[in-house]
Structures are given as C-alpha cells and as structure tokens.
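**Q** Dropping the structure in here first, questions after.
Derivation of every value follows stated rules applied to the coordinates shown; laboratory data play no part. Owing to the predicted nature of the structure, the values given are computational and were not obtained by experimental measurement. Backbone-built Cβ (ideal geometry, glycine too); neighbour counts: all protein chains shown.
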Amino acid sequence: MKKLKMIRNTTNISKLQIKRWKFSPTLPNVFMNGIIFTKIVKGKSTKSKSHQSKLKKIFENTYGLPEVTFKKKANATIAKKAIKVAVVFSGGQAPGGHNVIAGIFDGLKKVNKKNILIGYLGGPTGILENKFKIISKNVLKKYRNTGGFDLIQSGRAKIETYEQFGLIKKNFLKNKIDALVIVGGDDSNTNAAMIAEYVIKEKLNKCIVGIPKTIDGDLKNKYIETSFGFDTATKIYSELVGNICKDVNSSQKHWHFIRLMGRSASHVALEVGFKTQPNIVLIGEEVLAKNMTLFKIIENITDIIVKRSEAGKDFGVVLVPEGLIEFIPEIKKLTSALNDVLHKNSNIISKFYSLEEKKNFIYNKIPNKLSDLMISLPLNIASQLISDRDPHGNINVSQIETEKLLIEMVYRKLFYLKKKNKYKGKFSPISHFFGYEGRCGAPSNFDANYTYALGYSATTLVLNKLTGYLSYVKNLTRPPKQWKCGGIPLTAMMSMEKRNNKNKPVIQKTLVNLNGNVFKKFIKNRNKWAIGENYISPGPIQYFGPSDITDITTKTLQYECFENNY
C-alpha cells in the first residue's frame, strides 16, 4: 500500500486508474492451477485458406501444423528451465495491450520465477536496433488494466529483407532470446509467420508466437472470434456518437457526418450503429457488392435528407467507415492505378518539390477515365489520395477526409434539387473523425480479461515450444472462466495478395459478411433508423456494477455466436 501511495504522489494519475490497477482479471478454468497443469492437445493438420501449393513452398517448415487446444492436466514436457521471452507491439494501438504483457509475465513467473520478459521498444524497429527494456513486477504494476502501448510503444516497420532477418538472428543470439511474442494485426502476424519460418530454417531453436490485435475487428475467422481492442474502441466511439445523437435531437438543426476508424472493413461502423442507431450507416462491403458509384451513394444519402426535411427534420447523423473510399468501385480502380504509379516511379516522384508537380506527373500516368475522375474530386481529396503509402503498401485512409467529400457532394446534389424545386430544407452539416480517440482507451472488463488470457495462452505455446502459432481464446460470449484457449498455425489463415505490385503471403482480413446474421440484423432496422429518432446514448464504458452492464460483449459477437451456435 505504501508503494501505491508513492506512485500516486509522484505521477499524474486519476483515481479511476488507481482503481483499475486493483482489477484482477479472471482466468479461464484451464489456467486456474497454472500453466504446468495445462496440457497440449493436438488436432488435425491445417491448410491455408487458398493458394495451398504456393504457400506450402514459402512456408516449408511451418505449413500444415495442427491446431492445438489446452486441457487441465499435469504437463511433464513443459519447459521448466529458465528462459528469456521478448514481446513486441506492432501496428496501431489497441486497448488491452498492457494486459497481454501482464498475462505473459504472470504466466512465465508462475512456472519459474527466474524466467525473464523483455519488451522491444518502438515496434519491430526495436528488434532490429536491439532496443529493449526488462519488464519487472515493479515496472509492470502501474500499467495493468490501463490503455495505450506506452510501456514499450509500437511501430509499423515491416521485416522482410535478408539484412533485416540477419539482424534478428544476430540480436536473438546476442541477448539469448528463447521466444518472441508479436502482438499485432493481420500484416504484423503475417510478419510473425515469416520470422517463424526463418528461425526454423536457420535452426535457431527459437519460438515465435502471435497475438490477434486490432480495433478494426477484421482479424477474425473460424479460429479467432474477435481481435482485442474492438470491444473497448467501439464502446468509446459509441459514447461519442451517442452524445452527438443526443445533441442533434436537442438542437434539431445539423447533419453530423462522422467518420470512424476501420481501414479495410466496416465492422466498427456497424457495431457503433447497433449501439447508437443513427439515421444512416454506410457499409463499404455493401457498396462494393452492389457496385455502387459515388453518385449513387450521394443519391441514397440525399434521398433520406429530403424525406426527413419533408417531415420537418433538417437534422440527422451519418456514420462513415474510414475505408469506405476504397470500396467505391471507380475509386478502388483509381487507388489501384495510383498505387502502381507511386510504386514504379517512387524515385522520380520523391524529387518533386511541389504537390502540383506530383499531381501533374501522376495524371499523365493513369488512364484518361481515372484521370478525369481524379480531377472531378475536391482538391483536398485528390491530394490525400496521392499521399505516401504505409510500409505494407496500404493507402493512408485515416488521412482521407471521406466525410468532407460526402458533405461537399451532397451539397451539390441538394443545390440541384433546390433549383428543381424538389428540396426546400436547410442543410447545415458538421464533420467529425473519431479514430485516435478510441485506440488507447482504458480497456473494458471484457478486453482486460481477454488480453490477459491471450497472454497466458501465448506463454503456454512458448513453454511448449510451439512456433508459428497464433494464440487464441474462444467461447467469448460466456463468462471468462468458461473460455477455451489454444493456438492456430499462422499459415492456416493465409492467402496470396498483390502488395506493392508483387504477390505476397498475407493473413486475410475478414470483411463484413453481407449474408451473415450481423448484417441481416442491420438491414431489418436501418429504414426505421433513417426516418425516426431511435437514437441511443450508451454512455461511457462501465467498470463497476452489475455484470449485465459492465461485462456485456459487442452486438457483433453476440449475433455471430448466435448465428454459429456457439
């Protein structure tokens, strides 16, 4: 207690954070007696989602491994000799990351107090530059159940060159690292699979394990029910959107266009839609499936605006998924063409001094129809579309103000309708982007428990020397004690995709299933939401109180589990 007071007096911390330090995550029953009483059960061998022959050649040593589950039983083969494990955060932040570290740390120490955990600093770059810190009980205690990745930070560097793999080998041997746990999304865990294959090929006797992380919710499949951080982030966004719904229904004079983080899938927008019931929720996957043009999207939005205006309601709320722009067919073709031009001419383009020079060069390199489309877009959007790509070759969708693009084009459409005497209302729009607000929030009880269990599960894989696996926890709609844990080979989730003009192995993102239960629930409700004021303001994340309030899972997970009967 004296130590806690010392921290309180020397650090700027909230009373809530002090309370959260005291929260004790609930472990699944399989870990209740410790990892040494957790036995590995191997299932059938696995295969990749597609491109089996190509991926088998790339991953000669790790392809086809069996899924493993854990059961309560003494494990005589587990590594009891002291080992050194490293952990690294890769990619964007997600609530619960510190509890992953806590789960790994506690799991290791319970088996052998001499086990050591280090954290590489600043993401994968920390591995290459050999920058790390030793994680001790005292270092970790003020980070338990807190948001952010500030204990060791994160980064987006991609490890793929011969020289980079050589540095990994050098630093692993220099620091006597026995295992590495990579906490990341689909791209980061693809990287984990490549590193796992490398260490086996080099006979380094090192274990590489991944953990599923992303607030986007797109790292899920039949093995992974949800990625950590999605629950907390969508609760934070829902509080913000719910507050705006309250405001718009109070003032009744603005249209709020809200872009939500989620670069490739619309899971976040859909979940927040369920929690707040705004007037319009755009779903990128539906736009692509129906081959909807940008004009058609604008037409659909203006139809609802006009109908509400005719009922005396010149106000409303629109949710826009961050990745929407990449789902619009003509924009998708445009960004693909831009990616090719930017990649092939990177040396020339890097020498241009002005944005105007860069634009003119690119306009002359893409087909005329796409060039005309680019010119027709608002100048700020056109500029954002040619911004630098991330290390994985992805467009920086967080920098593209899609909500402002929609506002400007809705303006144009309503102006046209006004001239035709088909619209007499007042359109007063306000734009928002909720992204970074949700990535580092204090984890919900669900995410605090989930990430701690993922850390324990990863440690179990490490101590059993199972390399090339992703830690998983299933049965998530039930109480934490009933959760099931295990590991799935990283290659079982892979396919081949074109990245930076080359076909590369990747863990597939899971988009919104338009035939699934979640989307069907949305379809049943959206017409009612469009015309009425069925707004919900869910309030902030709850940590204390009845479990049916504090520990509820996402609507997405509830509907999916109902659909799959688990």
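**Q** Taking the C-alpha atoms of the stretch 416-566, how large are the radius of gyration and the largest Cα-Cα span, Dmax, in Å?
**A** Gyration radius and largest Cα-Cα distance of the stretch 416-566: 21.7, 73 Å.
**Q** Using the Cα centre of the stretch 169-277 as the reference point, and only Cβ charges (+1 on K/R, -1 on D/E), how large is the resulting charge dipole? Debye, rounded to the nearest 20. All intermediate terms of the calculation are to be shown ahead of the outcome.
**A** Details: 16 positive and 12 negative charges, 88 e Å.
So the dipole magnitude of the stretch 169-277 works out to roughly 420 debye.
**Q** Quick one: 3J(HN,Hα) in Hz for the stretch 109-123, Karplus 6.51/-1.76/1.60 with θ = phi - 60°, rounded, Gly and Pro as x.
**A** 5, 6, 7, 7, 4, 8, 4, 10, 10, 10, x, 6, 8, x, x
**Q** Take the alpha carbon atoms of the stretch 140-233, find their radius of gyration, then divide it by 2.2 N^0.38 Å using N residues; give the quotient. Don't skip to the answer; put the middle values down first.
**A** Values: Rg = 14.9 Å, N = 94, 2.2 N^0.38 = 12.4 Å.
Cα Rg divided by the expected 2.2 N^0.38 Å: 1.21.
**Q** May I ask you to sort MET261, MET32, MET194, MET496 by Cβ crowding, counting other Cβ atoms within 10 Å and putting the fewest first? It would help to have the intermediate numbers written out before the result.
**A** On the way: MET261 24, MET32 12, MET194 21, MET496 17.
Going from sparsest to densest Cβ surroundings: MET32, MET496, MET194, MET261.
**Q** Another question, then. Fewest Cβ neighbours within 10 Å first, please rank THR553, THR293 accordingly. Please report the intermediate quantities before stating the final value.
**A** Values: THR553 17, THR293 14.
The most exposed by this proxy come first: THR293, THR553.
**Q** May I ask for the percentage of alpha-carbon pairs in the stretch 37-110 that lie more than 13 Å from each other?
**A** Working: 2118 of 2701 pairs.
When all Cα pairs of the stretch 37-110 are counted, 78 percent exceed 13 Å.
**Q** What's the extension gain from LYS418 to ASN291 if we count 0.36 nm per residue and subtract their Cα-Cα distance?
**A** The span from LYS418 to ASN291 would gain 42.9 nm if fully extended.
**Q** Now a separate question. Can you count the Lys pairs in the stretch 442-566 with C-alpha separation below 17 Å, eight or more apart or on different chains? Don't skip to the answer; put the middle values down first.
**A** Details: LYS474/LYS484; LYS474/LYS555; LYS498/LYS509; LYS520/LYS528; LYS520/LYS555; LYS521/LYS555; LYS524/LYS555.
Total qualifying Lys-Lys pairs in the stretch 442-566 comes to 7.
**Q** If you place +1 on the Cβ of every Lys and Arg, -1 on the Cβ of every Asp and Glu, and leave all else neutral, what size is the dipole of the stretch 99-140 about its Cα centre, to the nearest 20 Debye? It would help to have the intermediate numbers written out before the result.
**A** Details: 7 positive and 2 negative charges, 52 e Å.
Here the stretch 99-140 has a charge dipole of around 260 debye.
**Q** In terms of Cα to Cα distance under 17 Å, which aspartates and glutamates are near enough to LYS369, apart from those fewer than 8 places away along the same chain?
**A** Answer for LYS369, where 17 Å is the Cα cut-off: GLU330, ASP340, listed by chain and number.
**Q** Using R₀ = 30 Å, calculate the FRET efficiency as 1/(1 + (r/R₀)^6) where r is the Cβ-Cβ separation of LYS56 and LYS465; round to 0.05.
**A** Details: r = 22 Å, r/R0 = 0.74.
It comes out at approximately 0.85.
**Q** Can you work out ³J(HN,Hα) from phi for every residue in the stretch 220-237, in order, using Karplus 6.51 cos²θ - 1.76 cosθ + 1.60 and θ = phi - 60°, giving whole Hz and x for Gly and Pro?
**A** Once rounded to whole Hz, the list reads 8, 6, 5, 9, 10, 6, 7, 8, 6, x, 4, 4, 5, 4, 5, 5, 5, 4.
**Q** About its Cα centre, how strong a charge dipole does the chain have in debye, to the nearest 20, once Lys and Arg get +1 and Asp and Glu get -1 at the Cβ?
**A** Values: 90 positive and 45 negative charges, 378 e Å.
It works out to roughly 1820 debye.
**Q** Right, here's the next one. With θ set to phi - 60°, apply the Karplus curve 6.51 cos²θ - 1.76 cosθ + 1.60 along the stretch 302-307 and write out the HN-Hα couplings as whole Hz, x wherever there is a Gly or Pro.
**A** Result, ordered by residue: 5, 4, 5, 4, 5, 4 Hz.
**Q** Test of understanding: what is the full-extension gain from THR550 to GLU160, defined as 0.36 nm times their sequence separation minus their Cα-Cα distance?
**A** Details: separation 390, 0.36 × 390 = 140.40 nm, distance 4.23 nm.
Computed gain between THR550 and GLU160 is 136.2 nm.
**Q** Related question: Name the residues whose placed amide hydrogens come within less than 5 Å of the amide hydrogen of PHE132, ignoring near sequence neighbours (fewer than 5 apart) on the same chain.
**A** For PHE132, whose amide H was placed from the backbone, the distant partners under 5 Å are LEU121.
**Q** For ASN279, which sequence-distant residues (separation of 5 or more, or a different chain) have an amide H within less than 5 Å of its own amide H, given hydrogens modelled in the peptide plane?
**A** Amide H neighbours of ASN279, under 5 Å, 5+ apart: VAL317.
**Q** Where the centroid of each part is defined by its Cα atoms, how far is the stretch 174-199 from the stretch 315-347 in Å?
**A** Taking the Cα centre of each part, the stretch 174-199 and the stretch 315-347 sit 30 Å apart.
**Q** Between beta-carbons, use under 14 Å as the cut-off and find the net charge around SER537, counting Lys and Arg +1, Asp and Glu -1. Could the numbers behind the result be given before it?
**A** Numbers: positive: LYS235, LYS246, LYS275; negative: GLU239, ASP247, GLU533.
After counting each charged neighbour, the total is 0.
**Q** Then there is this: Going by C-beta contacts inside 10 Å, put CYS245, CYS440 in order with the fewest on the left.
**A** Fewest-to-most ranking of CYS245, CYS440: CYS440, CYS245.
**Q** Separate question: On each of the three principal axes of the Cα atoms of the chain, give max minus min coordinate, whole Å, ordered largest first.
**A** Over the chain, Cα extents along the principal axes are 80, 58, 50 Å.
**Q** Using alpha-carbon positions, what is the distance between the centroids of the stretch 31-106 and the stretch 274-300, in Å?
**A** If you average the Cα positions of each part, the centres end up 39 Å apart.
**Q** If you don't mind, there's one more thing I want to ask. Name the long-range amide H neighbours of ILE118: under 5 Å, sequence gap of 5 or more, or other chain; modelled H, no Pro or chain starts.
**A** VAL85, ALA86, VAL87, ILE135
**Q** Considering only lysines 8 or more places apart in sequence, or on different chains, count the pairs in the stretch 159-268 whose C-alpha atoms sit under 30 Å apart.
**A** 28
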